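Each remark here refers to the structure printed beneath this line.
The numbers here are math on the coordinates, done by the rules we state, and not lab data. No experiment lies behind these values; they were computed from the predicted model shown. Glycine also receives a Cβ, built like all others from the backbone with ideal geometry; neighbour counts cover every protein chain displayed.
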Amino acid sequence: NAGVTQTPKFRVLKTGQSMTLLCAQDMNHEYMYWYRQDPGMGLRLIHYSVGEGTTAKGEVPDGYNVSRLKKQNFLLGLESAAPSQTSVYFCASSSGGVDSYEQYFGPGTRLTVT
Amino acid sequence: SQKIEQNSEALNIQEGKTATLTCNYTNYSPAYLQWYRQDPGRGPVFLLLIRENEKEKRKERLKVTFDTTLKQSLFHITASQPADSATYLCALDGAGGFKTIFGAGTRLFVKA
């Protein structure tokens with residue numbers, strides 16, 4: 001199993017450009033998450049999904065949109081990138097079952113907005 | 001607001017010693033607490049989970065304690081090795097498990 005994969009690994013955007021980050025998991029997990037990680041700060045939840053076709057806002061959702069059209073994929077979109085969105089983005093998944101809360105993370109996408 | 005505090009200063013210890021990392025939290029009553037390991041340039045990896053009604057959990061050389069009165073968790077690595085050098089993240093969850101709050105992590109260096 002590949003676990004959780006993310007594409008791309010690196011990206012540089014100019015202010016105002018748009019892009020989509022793709023997350024895929026092959027563990028048949030119900031829950032999926034997008035986080036951002038900035039120096040000196042913990043992972044902050046952007047959006048999450050508790051099942052195919054559902055999404056919800058996390059702690060820092062502004063400037064991002066998400067979609068979960070297929071159970072195995074969770075897309076994160078930036079419609080108009082801003083320098084404040086320079087960060088490392090991690091996708092994660094968890095089974096969502098009772099007593100099964102551990103999250104499995106992807107390798108991350110390093111995004112720079114100039 | 002909910003807050004998690006982990007020592008921002010790196011912890012330097014000698015190989016073979018026990019490393020102890022601290023996680024304190026405020027304005028939160030978590031149902032359970034998790035510890036993750038993160039290596040540079042990689043995503044976090046799950047290590048241990050402890051529930052609010054558990055005092056201690058062990059896994060090989062790892063031990064986690066959870067004191068809901070003190071609002072504190074301690075993470076111990078016994079017989080530490082240079083390969084244990086990494087950043088360790090503390091994470092809290094309420095019931096449901098989909099709004100996890102992560103601490104900023106503590107960097108551990110184990111010297112040979």
Fill in: Alpha carbon convex hull of the range A:4-114, projected area averaged over orientations, nm²
6.4
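Between B:Tyr28 and A:Lys57, how high is the FRET efficiency from 1/(1 + (r/R0)^6) when r is the Cβ-Cβ distance and R₀ = 25 Å? Nearest 0.05. Let's see the in-between values first.
Numbers: r = 19 Å, r/R0 = 0.77.
Here the calculated transfer efficiency is 0.85.
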Worksheet, complete the sentence: Taking the alpha-carbon centre of each part, the distance from the range B:6-48 to the range A:59-76 in Å is 28
Item to complete: Just grab the label-to-label distance for A:Asn73 and B:Val45, each label 7 Å out from Cα along the Cβ direction, in nm (one decimal).
Response: 2.9
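Can you tell me the FRET efficiency between B:Lys3 and A:Asn28 if r is taken as the Cβ-Cβ distance and R0 is 25 Å, rounded to the nearest 0.05? Each step should come with its number before you reach the end.
Values: r = 35 Å, r/R0 = 1.38.
The computed FRET efficiency comes out at 0.10.
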Practice prompt. Would you list which aspartates and glutamates come within 19 Å of A:Lys71, measuring only between C-alpha atoms, while excluding same-chain residues fewer than 8 positions from it?
Written response: A:Asp26, A:Glu30, A:Glu52, A:Glu102
Discussion item. Cross-link candidates for B:Lys99: which lysines have Cα within less than 18 Å, leaving aside residues fewer than 8 places away along the same chain?
Written reply: A:Lys57, B:Lys3
Worksheet item: Taking the Cβ of A:Pro61 as the center, what net charge do the other residues with Cβ under 12 Å away carry, scoring Lys and Arg +1 and Asp and Glu -1?
Response: +1
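Report, in debye and to the nearest 20, how large the dipole of the range A:20-108 comes out about its Cα centre when Lys and Arg carry +1 and Asp and Glu carry -1 on their Cβ. Could you put the intermediate results ahead of the total?
Details: 6 positive and 9 negative charges, 33 e Å.
Using Cβ point charges on Lys, Arg, Asp and Glu, the range A:20-108 gives about 160 debye.
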